[in-house]
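Please read the structure below before turning to the comments.
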Amino acid sequence: TLRVLSISNTDFVSSTLPDDIFLDAGQLQTLRLVNVNLQRLPSSVELLSNLTELILDEMHSLIDYPSIESLGQLRYLHIFTSLNYFPMHY
């Protein structure tokens, strides 16, 4: 029943999260990551069908991320970081 997940200014021991971390987070509506040392977002982000807000700020280590094309409810995408590529097609 988690609706909002916000993680800020965090240095995880590992720079990756398990790909299945969001498998049971179907009700998540907001995912906010700010200044977190992740190199990639888990592929299960693609399964967050109720996600309406995705916020990625100061994610300078981020080099790999899943596509967000399947996030049909996404209404707000905020990226304030330097990304070389973001997999989004219209």
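The values are calculated or read from the model by the stated rules, or taken from the named source; none is laboratory data. All values reported here derive from a predicted model rather than from experimental measurement. Neighbour counts run over all protein chains shown; Cβ positions are idealised from the backbone, glycine included. Just so you know, the surface numbers come from the protein's heavy atoms only, side chains and all, with ligands and any DNA or RNA stripped out. Shrake-Rupley method; radii C 1.70, N 1.55, O 1.52, S 1.80 Å.
Here are some notes:
- Selection status of L62, out of contact with any Phe, Trp or Tyr (no Cβ under 7 Å at 6 or more places or on another chain), surrounded by 16 or more Cβ atoms within 10 Å (Cβ to Cβ) and aliphatic (A, V, I, L, M): yes
- Any chance D57 is closer than 19 Å to L74 by Cα, open to solvent by less than 60 Å² (accessible area, probe 1.4 Å) and of a type in the set (D, E): yes
- Within segment 1-23, tally of residues that are in a loop (DSSP other than H, G, I, E, B) and in contact (Cβ under 8 Å) with a residue 24 or more places away in the chain: 13
- All positions within segment 24-58 that are in a loop (DSSP other than H, G, I, E, B) and closer than 15 Å to V4 by Cα: D24, A25, G26, Q27, L28, Q29, L48, S49, N50, L51, T52
- Options L31, L41, L48; residue that is touching a helix residue (DSSP H, G or I) at 6+ places or on another chain (Cβ under 8 Å) and within 17 Å of E69 (Cα to Cα): L31
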